[in-house]
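First comes the structure, then the notes that go with it.
The values are calculated or read from the model by the stated rules, or taken from the named source; none is laboratory data. Model, not experiment: these values are computed from the prediction. Heads up, the Cβs are rebuilt from the backbone with ideal geometry, glycines too, and the neighbour counts pull from every protein chain shown. Note: areas computed on protein heavy atoms with side chains; ligands, DNA, RNA excluded. Shrake-Rupley method; radii C 1.70, N 1.55, O 1.52, S 1.80 Å.
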Amino acid sequence: MSGWIAAAMAAVLAAVFGIRLAVMRRALRDITRQTERFLESDSNVTLSLSCGDRSLRRFVAQLDRLLRRLRRKYLQYSDGDRELKNSIINLSHDIRTPLTAVCGYLDLLQREPLSDSARDTVNILRSRVEELRRLSESLFRYTLVYGDQPAEPVQTVCLNQQLTELLLAFYGAFAEHGMTPDIVLCDEKIMAEIIPGDFNRVVSNLITNALRYSSGDFRAVLQSDGVICFSNHTKTLDRVTLERLFDRYYTVTYNREGTGIGLSVARILTERMGGTLTADCEGTLLTFRLRVPLTPQGQV
């Protein structure tokens with residue numbers, strides 16, 4: 001008889017435990033859904049619990065406080081980030097005006113009869129002013145890329161023609177650096193769906209990077225699969241440098257002329273178009289591979 005009672009009590013306890021476990025699971029699923037809605041929306045709905053378990057209620061109350069604290073921190077961060085970006089945009093605009101005036105006065109000064117030393121000084125001043133202008137423009141573009149500004153519409157273009165026009169625009173810069181670019185384009189016309197302005201900035205940043213860091217060579221190849229490869233030898237390159245190339249504000253140790261955001265911006269713009277930008281090295285040969293979305297036909 002005692003065995004039967006023990007078995008019955010065990011069955012009752014198991015049933016109670018099972019019911020309690022089922023209630024707690026349902027309550028946890030409900031809390032999970034409420035938490036997801038809280039994180040995905042801007043509402044301030046308080047998390048609630050239908051279960052009467054005190055431990056769970058304390059847990060939910062603590063979770064609710066933590067989520068509200070997290071939202072306040074996020075809003076503070078968003079407001080500060082927005083204010084910082086707006087400040088950079090306004091500052092870059094404000095800097096352009098006096099820089100333009102300074103460049104104008106330097107133009108006038110260069111037309112005057114100057115001694116060799118004075119002309120050298122003017123040339124140094126102009127190079128420094130141009131550097132300031134470039135830095136302010138880089139900061140301005142960086143803020144636009146990482147901000148919430150809508151992107152330009154996607155267009156269908158011929159990569160062969162788009163790339164050729166961009167490379168031709170840099171021939172003067174190549175000549176100034178004593179570089180003869182090696183350009184190889186596939187015979188097929190490669191049609192892609194890109195944002196022309198973003199694509200031009202990506203390629204321009206990659207070419208500028210090569211002009212700044214190359215040992216004297218540059219090669220651009222448009223493959224039949226639509227991948228564009230940009231290659232050049234560098235003075236120093238290791239695995240650590242390679243992995244950090246796309247980090248914000250990172251510049252390699254042997255050259256401090258850059259701002260360290262060109263490649264970071266290039267990758268962001270590429271991904272915004274639905275493409276990829278990767279880097280690889282063999283010895284001192286650095287290669288960037290740019291992939292952008294092709295049309296369904298791809299080749300023409």
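The table that follows gives values for the structure above.
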item	result
Residue-by-residue Karplus 3J(HN,Hα) for segment 55-70, coefficients 6.51, -1.76, 1.60, Hz, glycine and proline x	4, 5, 5, 5, 4, 5, 4, 5, 4, 4, 5, 5, 5, 5, 5, 4
Most to least accessible of Val292, Val102 (protein chains only, probe 1.4 Å)	Val102, Val292
Segment 182-191 - phi-based ³J(HN,Hα) in whole Hz, Karplus 6.51/-1.76/1.60, Gly and Pro as x	9, 10, 10, 10, 5, 5, 6, 7, 9, 9
Cβ-derived FRET efficiency at R0 51 Å, Leu99 paired with Ser55, nearest 0.05	0.20
Derived scalar couplings ³J(HN,Hα) [segment 156-173; Karplus, 6.51 cos²θ - 1.76 cosθ + 1.60; whole Hz; x for Gly, Pro]	8, 9, 8, 4, 4, 6, 4, 5, 4, 4, 5, 5, 4, 5, 9, 4, x, 5
Accessible area of segment 172-238 belonging to carbon and sulfur atoms, whole % at 1.4 Å probe	46 percent
Two-site label geometry, Arg72 and Leu285: point separation in nm, points 7 Å out along Cα→Cβ	5.9 nm
Cut-off under 5 Å, modelled amide H: who pairs with Leu294 long-range	Glu193
Amide H within-cut-off set for Leu114, under 5 Å, with H built and near neighbours excluded	none
